[in-house]
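Remarks on the structure that follows.
Quick note: the coordinates plus some simple rules give every number you see, no bench work behind them. Since the model is a prediction, treat every value here as computed from it, not as a measurement. Ideal geometry is used to build each Cβ from the backbone, glycine not excepted, and the neighbour counts take in all protein chains shown.
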Amino acid sequence: MNFSIIFLMITIIVAALLGQGEARWKGFKKIEKAGKRVFKAAEKGLPVVAGYAALRG
């Protein structure tokens, strides 16, 4: 029974923090942009690496 009460309280706290997330956490936009840059760089670089591996192997 204690676990269910603790779980309920944690769920309520997390929901309250995430409900206001867009106004508070502007840092997530920077993280998202960095992730997109890494993805695009990998998208461009992987065919080059695959081609090199095919020539070498």
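Applying the Karplus relation 6.51 cos²θ - 1.76 cosθ + 1.60 with θ = phi - 60° to the stretch 4-10 yields 3J(HN,Hα) values of 5, 5, 5, 4, 5, 5, 5 Hz, where x marks Gly and Pro. Projected label points at residue 7 and residue 50, each 7 Å from Cα along the beta carbon direction, are separated by 4.3 nanometres.
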